[in-house]
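The structure appears right after this line, and notes come after that.
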Amino acid sequence: MKSKIRSPFFYVGDKYKLMPQLEKLFPVNINNYYEPFVGGGSSFLNTEAKNFFLNDINKYVIQLHCYLQSFRESKDKFFESLFRTIKKYGLSCSFLGKIVPDELKKEFIKTYYSRYNKENYMKMREDYNKNKSNFELLYLLLIYGFNHMIRFNLKGEFNLPVGNVDFNKNVYNALNNYFDFSKKNNLNFFNQDYKEFLINRDFEKNDFVYLDPPYLISNSEYNKIWNEKNEEELYQILEDIDNQDVKFGLSNLVIHKDKKNEILLDWMKKYKVYEVNSNYISRFDNTRKINSREVYVTNYEKEKIREKTIIVFNNYEKS
């Protein structure tokens, strides 16, 4: 895991922890990499390709990606401005040594960050809602907000409450890695419906489409926009992609708690299926694992070259 890059969005449920498994199943030589549900981007950040085409229907997610990418040649400028804004609002920042007082930590053992930052966070949220072109504030709202989510109400106002989180070394390292990756790679971002993004695409040899769509049988906020019709449409599009001899890989849940995705279970019989150890836990009790089965479905054979490379690397590490 130490060699893996984590997205600076820190989405709950992103593929960061699963990439050691998934990368072994991805094609070895990727020309153009397509990801129609990019989210925070931990998947593409841990993939090698000549070009990246990255899409999400959430315009704020894409705006933040483009905002961060704009600093790929001037990350020092980004951090100077960001830390200045953190200080302006009086938010805690353990990375800079501005920590929560010990007495507050003792009084509120599990929620001291949210207690300390709440008032200042609300002021920052109010300021952002007055000027939604301020992407620096939007990024800080994501970092300090509950579960690192991006959520707006029907009036178009950002309405996420403060989270029990802080700007720490992990955030700093994730941003640095993101800037370095952006500098070295050709990233192209799109804000479209995934169907518009994929249909009539002029695919080339060795192109690869990776999909991590909303999960039909999971109850997270992100998945509420998805229904059985969407699920069936997605699989029809993947069959069309398969007919063009383009490689695809799909992550999804077939079992979660007491639910089964019968549509997926029937469709994936046509393709190759690999089990993924995801270890979902209850958000109410993080010691209790949830009964889940996650799979990776592909239309190509797992390539032996990547497996051999990993074995050699591990032997080298042991020596």
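Read the figures in this text as sums done on the coordinates, not as results from a lab. Quick caveat: nothing in here was measured; it's all calculated off a predicted structure. Note that each Cβ is placed from the backbone with ideal geometry, even for glycine, and that neighbours are counted across all protein chains shown.
Observations
- Phi-derived couplings, Karplus 6.51 cos²θ - 1.76 cosθ + 1.60 at θ = phi - 60°, listed residue by residue for segment 204-210: 10, 4, 6, 6, 9, 10, 10 Hz, with x used for Gly and Pro.
- In terms of overall dimensions, segment 39-100 has a Cα radius of gyration and Dmax of 15.1, 44 angstrom.
- Vicinal HN-Hα couplings computed from phi for segment 254-263 (Karplus, 6.51 cos²θ - 1.76 cosθ + 1.60; Hz; Gly/Pro x): 9, 9, 8, 6, 9, 10, 10, 8, 5, 5
- Each 10 Å bin from zero holds the following percent of Cα-Cα pairs in the chain: 5, 24, 32, 25, 12, 2, 0.
- Among Leu211, Asn29, Leu154 - extreme Cα towards positive end, dipole of the chain, charges at beta-carbon: Leu154
- Sorted peptide list for 41-50, 115-124, criterion being average Cβ within 10 angstrom, highest first: 41-50, 115-124
- Amide H to amide H, with H built 1.01 Å from N, Ala49 comes under 5 Å of no residue 5 or more places away or on another chain.
- Fully extended contour minus Cα-Cα distance, from Glu262 to Asn227, at 0.36 nm per residue: 11.3 nm
- Residue list for segment 135-167, given a label point 7 angstrom along the Cα-to-Cβ vector of Glu196 and an amide N cut-off under 11 Å: none
- Low-density loop positions, trypsin sites (Lys or Arg not before Pro), segment 125-162 - DSSP coil, at most 13 other Cβ in 10 Å: Lys155
- Degrees, to the nearest 10: 169-184 long Cα axis against longest axis of the chain: 50 degrees
- Result for the chain in a Gaussian network model with C-alpha springs under 10 Å: among Ser218, Ser81, Ser182, the largest mean-square fluctuation is at Ser81.
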